[in-house]
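Peer 1: Take a look at this one; I'll ask things after.
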Amino acid sequence: MKRRKGRHAKTESRKRDIVQAALRCFSEIGFSETSMEDIRRQSGASTGSIYHHFNGKERLAAAVYLEGIHDYQAGLIEVFQEDQDAREGLRSLVERHLRWVEENVQWSRYLFQKRHSGFMAETEELIAAMNRDLMEHASRWFSRHIKEGKIRRVQGDLYMSLTLGPCMEFTRQFLLGQTVTGVGKAIDVLADAAWMSLAAGARREKPGRTFGR
């Protein structure tokens, strides 16, 4: 059993190395211009190993996207699982988002640019399942704080938009090199904005369907 686990860990490590190498090549050379030989050289893997894990460049490109989404969402899910009060939790979500972008610029650009590429067609069901899992964690977290009277009721589809929507716009500008505000300062300001928009004392609208109902 130990050998099997060791082999599995080694296989997963090799796959991730190939994915990371492909991301660097797609980012630095361009998707169309990148060859499988470029990826082989960058990863240090054999051609056979690459084709064993990924049946061609488009499958590999889709895997790069999926790995990025998984890595990003795992950080948010981790926050939803932590025992924090409402304001601390909102700040942690904003910080986790912006720090991930700051530390994974190539991946962030790739996720923004490639969502609707042709090679993504076969991944729609998997992405939908990943998004449902994220939203289930979000729903439980927001519902708890709504019931505790910390977060106000709004339509259920607005909670994540109010939490991370402004972060997404800052991310877009950051990736284009158009920001002057540092990430640390942006976390402070955007976390405060998220809290002011969702705190129970904020101005109330007539609620529609909410997580807390």
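Peer 1: Give the Rg (one decimal place) followed by the Dmax (whole number) of the stretch 92-147, computed from C-alpha coordinates and expressed in Å.
Peer 2: 14.5, 43
Peer 1: Are there GluC sites (Glu not before Pro) in the stretch 21-109 that DSSP puts in a loop and that have at most 12 other Cβ atoms within 10 Å, and which ones?
Peer 2: Passing both the DSSP loop test and the Cβ count: Glu33, Glu82.
Peer 1: Using the alpha carbons of the stretch 52-112, what is the convex hull volume per residue in cubic angstrom, as a whole number?
Peer 2: About 84 Å³ per residue, rounded to a whole number.
Peer 1: Let me ask you something else. Label Asp157 and Arg59 with points 7 Å out from Cα along Cα→Cβ: what is the distance between them in nm?
Peer 2: In this crude spin-label approximation the distance works out to 3.5 nm.
Peer 1: To continue, here is another question. For the chain, give the magnitude of the charge dipole about the Cα centre (Cβ charges: +1 Lys/Arg, -1 Asp/Glu; no others), in debye to the nearest 20.
Peer 2: Using only the charged Cβ atoms, the result is roughly 620 debye.
Peer 1: Related question: Pairs Lys114/Lys185; Lys10/Lys114; Lys10/Lys57: which are spaced more than 24 Å apart, C-alpha to C-alpha? Numbers along the way, then the final one.
Peer 2: On the way: Lys114/Lys185 29 Å; Lys10/Lys114 28 Å; Lys10/Lys57 22 Å.
Result: Lys114/Lys185; Lys10/Lys114 exceed 24 Å.
Peer 1: Separate question: Using the membrane-span-like helix rule (whole DSSP H runs, Cα extent along the own axis of at least 27 Å, mean Kyte-Doolittle hydropathy at least -1.0), which helices of the chain qualify?
Peer 2: Once both thresholds are applied, what remains is 57-81, 124-147.
Peer 1: Which of Phe142, Phe54, Phe80 moves most in a GNM of the chain, Cα contacts under 10 Å?
Peer 2: Evaluated over the chain, the most mobile residue of the options is Phe54.
Peer 1: Which of Phe112, Ala86, Tyr51 sits farthest toward the positive end of the charge dipole of the chain, with +1 on the Cβ of Lys and Arg and -1 on the Cβ of Asp and Glu?
Peer 2: Positive-end residue among those listed: Ala86.
Peer 1: Let me ask something additional. Given 0.36 nm per residue, what is the gain on full extension from Arg132 to Val105 after removing their alpha carbon distance, in nm?
Peer 2: Residue separation times 0.36 nm, minus the Cα-Cα distance, leaves 7.2 nm.
Peer 1: Tell me the net charge near Gln81. Cut-off is 15 Å between Cβ atoms, Gln81 excluded, with +1 for each Lys or Arg and -1 for each Asp or Glu.
Peer 2: Residues close to Gln81 contribute a combined charge of -4.
Peer 1: Compute the projected area of the convex hull of the Cα atoms of the chain, averaged over all viewing directions, and report it in nm² to one decimal place.
Peer 2: The Cα convex hull of the chain, projected and averaged over all directions, gives 14.5 nm².
Bear in mind these aren't lab numbers, they're just calculated from the coordinates by the rules spelled out. Everything quoted here is computed from the prediction, not taken from an experiment. So basically every Cβ, Gly included, is an ideal-geometry build from the backbone, and we count neighbours across all protein chains shown.
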